[in-house]
1. Given a 1.4 angstrom probe, I'd like the percentage of the accessible area of the chain that is carbon and sulfur, rounded to a whole number.
2. Taking 0.36 nm per intervening residue step and subtracting the Cα-Cα distance, what contour gain separates Ala140 from Asp75 on full extension?
3. Quick one: Karplus J couplings for the range 59-74, per residue in order, coefficients 6.51, -1.76, 1.60, θ = phi - 60°, nearest Hz, x for Gly and Pro?
4. Using modelled amide H (1.01 Å from N, peptide plane; none on Pro or chain starts), what sits under 5 Å from the amide H of Val66, excluding residues fewer than 5 places away?
5. Of Phe117, Ala140, Asn105, whose Cα points farthest to the positive end of the dipole of the chain (charges on the beta-carbon: +1 Lys, Arg; -1 Asp, Glu; origin at the Cα centre)?
6. Normalized C-alpha radius of gyration of the chain, against 2.2 N^0.38 Å?
7. I need the calculated FRET efficiency for the pair Asn60 and Gln101, taking r as the beta carbon distance and R₀ as 25 Å, to the nearest 0.05.
8. Just how much of Thr15 is accessible, in Å², when a 1.4 Å probe is used and the result is rounded to the nearest 10?
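The values are calculated or read from the model by the stated rules, or taken from the named source; none is laboratory data. Quick caveat, the model's predicted, so the values are computed rather than measured. Methodologically, a virtual Cβ is constructed for each residue, glycine included, from the backbone with ideal geometry; neighbour enumeration extends over all protein chains shown. Please note that ligands, DNA and RNA were not included when accessible areas were found on the heavy atoms of the full protein model with its side chains. Shrake-Rupley method; radii C 1.70, N 1.55, O 1.52, S 1.80 Å.
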Amino acid sequence: MKTGLYTGTFDPFTTGHQNIVERTMPLFDRLVIAVAVNERKHTEEEINQRVKDIQLLYANEPRIKVVPYSDLTVDLAHREHAKYIVRGVRNLRDFEYEREQADINKKLGGVETILLFSEPQLGIVSSSLVRELRHFGHDAHEFLPQKDK
């Protein structure tokens, strides 16, 4: 069984994240969406709520598993028997960061990273954008997955 691992803080899970999941599903028999606890990032929603929201979104997709995690991604990959980590890239800054992470995950645990570039219309979508819009009282629903999809 080929397992992929898609990681992030997902605070919140956006249409950009959803698009990466949709494009990733044909590549794997199983996809683990891993919601990270990141002490360096201020998160708006508690991790259990983020996990629950993503689980609800994919409740009808048995090949998707959603888990929280707080250790190294490569260690989680080994626990989940994932040989591939999937990451989305919107711009050059994302690419440089993801390249460094891919290199260390390969060196530490032999796990490959697959980078998917964002769809052009989703290149501006980020969790921080949604949080900022919400903070200033603006509607951000167009950047969030709709539960009925």
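1. Numbers: 4580 of 8980 Å².
That fraction is 51 percent.
2. Working: separation 65, 0.36 × 65 = 23.40 nm, distance 3.42 nm.
Stretched out fully, the Ala140 to Asp75 stretch lengthens by 20.0 nm.
3. Taking θ as phi minus 60°, the curve returns 4, 9, 10, x, 7, 9, 10, 10, 9, x, 7, 9, 10, 5, 4, 5 Hz for the range 59-74.
4. The answer is Ile33.
5. Asn105
6. On the way: Rg = 14.7 Å, N = 149, 2.2 N^0.38 = 14.7 Å.
Against the compact-globule rule of thumb, the ratio is 1.00.
7. Numbers: r = 31 Å, r/R0 = 1.24.
That gives a FRET efficiency of 0.20.
8. 20
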